[in-house]
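Have a look at the structure below before the remarks.
Readers should treat all values here as calculations from the given coordinates under stated rules, not as data from a laboratory. On a predicted model such as this, the values are computed, not experimentally measured, just so you know. Reconstructed Cβ throughout: ideal geometry from the backbone, glycine too, with neighbour counts over all protein chains shown.
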Amino acid sequence: MKNTSQYWFRAKQYGWGWGLPNTWHGWVVLVIFTVALALIFNFFPPDTDLAFFLIGVAIISAMLIAVCYIKGEPPKWRWGNK
């Protein structure tokens, strides 16, 4: 089993999924996602190009989830500290 400090994204304490990044690599991925989201919003405003906007957001969101799944702690349902 990997040491938790090697994971780019920590698991959430409650629920399923990932929380804030654990390493600088994860923060870079999160910044790239945020910049990509801003660019999509600029180039495909939802009031005029809704289809392209939604497709762009879906693609970058899927890419973020894939990186979290590959480089983050294994996802499972968590109920907090026990």
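Fully extending the segment from residue 33 to residue 79, taken as 0.36 nm per residue of separation minus the present Cα-Cα distance, adds 13.7 nm. Close amide H partners of residue 18, meaning residues 5 or more places away or on another chain with modelled amide H under 5 Å apart, are 12. For the chain, find the longest principal axis of its Cα atoms and tell me its angle to the long axis of helix 50-71, 0 to 90°, nearest 10. That works out to roughly 20 degrees. In the range 21-74, the inverse of the mean reciprocal separation of distinct Cα atoms equals 11.9 Å; this is its Kirkwood hydrodynamic radius.
Looking at the chain, which longest stretch skips every one of the chymotrypsin sites (Phe, Trp or Tyr not before Pro) that is in a DSSP loop with at most 10 other Cβ atoms within 10 Å, leaving the sites themselves out? For chymotrypsin sites (Phe, Trp or Tyr not before Pro) (loop position, at most 10 other Cβ atoms within 10 Å), the longest site-free span of the chain is 17-76. The magnitude of the dipole of the chain, with charges of +1 and -1 set on the Cβ of Lys/Arg and Asp/Glu and taken from the Cα centre, is near 640 debye. Could you work out how far helix 24-43 tilts from the main Cα principal axis of the chain, as a 0 to 90 degree angle to the nearest 10? Roughly 20 degrees between the two axes.
For the range 1-55, trypsin sites (Lys or Arg not before Pro) meeting the loop criterion (DSSP other than H, G, I, E, B) and having at most 10 other Cβ atoms within 10 Å: 2.
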